[in-house]
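Remarks on the structure that follows.
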Amino acid sequence: MAQFTRIEVAQVMKNTGMVPLFFHNDIEVSKKVLKACYDGGARLMEFTARGDFAHEVFGELTKYAITELPGMVMGVGSVTDAAAASLYMALGANFIVTPVLREDIAIVCNRKKVLWSPGCGTLTEIAKAEELGCEIVKLFPGDIYGPQFVKGIKGPQPWTSIMPTGGVSPTRENLEAWFGAGVTCVGMGSKLMAKHADGSFDYDKIESQTKNALDIIQSLK
């Protein structure tokens, strides 16, 4: 069961301005990545469930966050159907992120008052998502649409809250463009999750990049 209400989750997204996201099938590695983001100031994590037995890793990771990382809001991304959404909510997901707009996912999340953020790519999809109760819309893939698309949406729909994912990096130039266009928060994955030359995660750099990105975002708000 979720530890935070959907309104609380939406507020954390708005206040911090960034949702780190990653996937790894090793629980100990996942804990270290999560801890690095947490130490850098992040208070949300989207675990992108893209591998076999991802739900088992997420379940253990959420237990770790509850006991060791107070205030960390755990969610799941890359969810593609209602059954998967229900499974992850049973394992403690506080929010569900999807690559597409699906009404069946909206229904199961709304039933338990869990925030869900569907991937949308048109104003019609965004409007439909909001009709289904979406608080913050995921713009995906963000690098295809860009900040100008956000500006275009905010014209006729200034009430719409948008979180681009894909094409977001922890640089001032990139973040200025997105927040200048009016996004509520950003989802950041590979550009944030620094690695060593051998492919292993660089936990110190993940922490420092997280802190730096959050500092930039706060200066832009």
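Just so it is clear, none of the values below were taken in a lab; they were calculated from the coordinates. Since this is a predicted model, take the numbers as computed values, not measurements. Reconstructed Cβ throughout: ideal geometry from the backbone, glycine too, with neighbour counts over all protein chains shown.
Cross-link partners of LYS154 among aspartates and glutamates, defined as those whose alpha carbon lies under 20 angstrom from its own and excluding same-chain residues fewer than eight positions apart: GLU125, GLU130, GLU131, GLU135, ASP143, GLU176.
Applying 0.36 nm per residue to the separation of THR67 and SER190 and subtracting their alpha-carbon distance, the gain on full extension is 41.6 nm.
Cut-off is 10 Å between beta-carbons; in what order do TYR88, TYR38 appear when sorted fewest neighbours first?
Details: TYR88 26, TYR38 21.
With the sparsest Cβ surroundings first, the list reads TYR38, TYR88.
By the beta-carbon count within 10 Å of each Cβ, the least crowded to most crowded order of MET89, MET13, MET188, fewest first, is MET89, MET13, MET188. When shorter helices are ignored and each DSSP H run of at least 4 residues is given -39500 (n - 2.57), the per-residue value for the chain at 222 nm works out to -15000 deg cm²/dmol. A simple spin-label model places pseudo-atoms 7 Å from Cα toward Cβ; at SER219 and GLU56 they are separated by 4.5 nm. As a rough footprinting exposure proxy, the listed residues THR80, THR67, THR210, THR48 were ranked by other beta carbons within 10 Å of their own, and the order from fewest upward is THR67, THR80, THR48, THR210.
Our estimate of slack between LYS112 and THR5, defined as 0.36 nm per intervening residue step minus the Cα-Cα distance, is 37.6 nm. When the charge dipole of the range 1-153 is built from unit charges on Cβ atoms (+1 for Lys and Arg, -1 for Asp and Glu) and taken about the Cα centre, the candidate among SER78, GLY152, PHE58 whose Cα reaches farthest toward its positive end is GLY152.
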